[in-house]
Every structure is written in C-alpha cells, then in structure tokens.
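Contents: one structure, followed by commentary.
A short reminder: the numbers here are calculations on the coordinates, not readings from a lab. Note that this is a predicted model, so its numbers are computed, not measured. All Cβ positions, glycine included, derive from the backbone under ideal geometry; neighbour counts span all protein chains shown.
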Amino acid sequence: MAMLPILEFPDPRLRTKAAEVDVAEVGTAAFQQLLDDMFQTMYEAPGIGLAASQVDVHQRFMVVDVSEEKNTPMVFINPQVVEKSGGQVYQEGCLSVPGIFADVTRADAIVVRYLDRQGQPQELAADSLLAVCIQHEMDHLDGKLFIDYLSPLKREMVRKKLAKQRKQMA
C-alpha cells in the first residue's frame, strides 16, 4: 500500500466534478489497489472519509470508516442519495482543508444507493455521523467543499489562514 498526496484548498482540482466509474473497472487489480491506498491514506491522515477527488482521481467513489476502532471500512462507488430527512448541525473538518472546522447543516438521515467494493448494488440507510460523512464526501465528488457552506467572508479567512500555515511550513 502507498500513501497518496491529498489535494488542499484552494487547489482548483478540488472543484472538478467526478465522472462515473465504469463498472468493468471495479474488479481490476489497479482499482482495488487504489482503494487500499485510499484507506491507508485516510487512516494515517487521520480521517473518517476520503473521496477520490481529494487524491486527484476524478471518479465517483469514496472510502469511509466512522468506527472508533477503524475496523468498518466502507466503499461507495457511484453513490446517489435517494432520500433525505431531518437536519443537523455538525462541526466538520476536512483533510483537504487542514486545521479548519466549521458548523455545517446537513440532512440527519439519508438513504444512499451505490456499488460496493465488489461492484454489487447496495442501498444503505444512514444517520448521524455516517450520514454527515457520506454527504461531505459526495460533495467532494461534485467539486464542492464544506467551506462553501460558509459566508464569503469566513471562506476568505480560511483561505488566508491556510496560506499563512503553508508559508510557516515552507
């Protein structure tokens, strides 16, 4: 397995809308290796979700594991939210926007249809943290970041803070 570089805001590649995954590609060794690499990258970051777009692969899939023990890996290929209900405010962070956290309102419960790691169709009812994580990662696949839910002023403050952090690390 290999660690993959994670794109960081304001990288314009994060704004790319991901293309559907060809089902024939799912069973290939290369695709399965990419999934393993994404899990390793997510766990070591550490994070609870990672969309392919964040590692500069602009296809509609993501990896998620919201378990405390990090032993419940989930793969969502070509995910679609088919139902939403309720609303919740959750403080979100993002591996592509390091060190920044903000309150975001999302659906409290969702039903998502997707293909699993083997390319089999699935439907999952999710709520709480899992629902938030799935919605957050799906935003990445559409070229959207959680900071897009913030006011323009707050978004600009985030951009400046990240630029300052990068300067200090250089």
**Fill in**
Note on the chain, DSSP bridge orientation, antiparallel percent to nearest 5 equals 95
**Fill in**
If Asp56, Asp148, Asp139 are placed from fewest to most neighbouring beta carbons inside 10 Å, the sequence is Asp148, Asp56, Asp139
**Asked** In what sequence do Glu44, Glu8, Glu137 fall when counting other Cβ within 10 Å, fewest first?
**Response** Glu44, Glu8, Glu137
**Prompt:** If you put +1 on each Lys and Arg Cβ and -1 on each Asp and Glu Cβ, how big is the dipole of the chain around its Cα centre, in Debye rounded to 20?
**Reply:** 940
**Prompt:** Counting Lys +1, Arg +1, Asp -1, Glu -1, what net charge surrounds Val26 among other residues with beta carbon under 13 Å of its beta carbon?
**Reply:** -2
**Request:** If a/c stays under 1.5 just call it rounded; otherwise compare a/b with b/c (prolate if a/b is bigger, oblate if not). Do that for the chain, with a ≥ b ≥ c from the square roots of the Cα gyration tensor eigenvalues.
**Result:** oblate
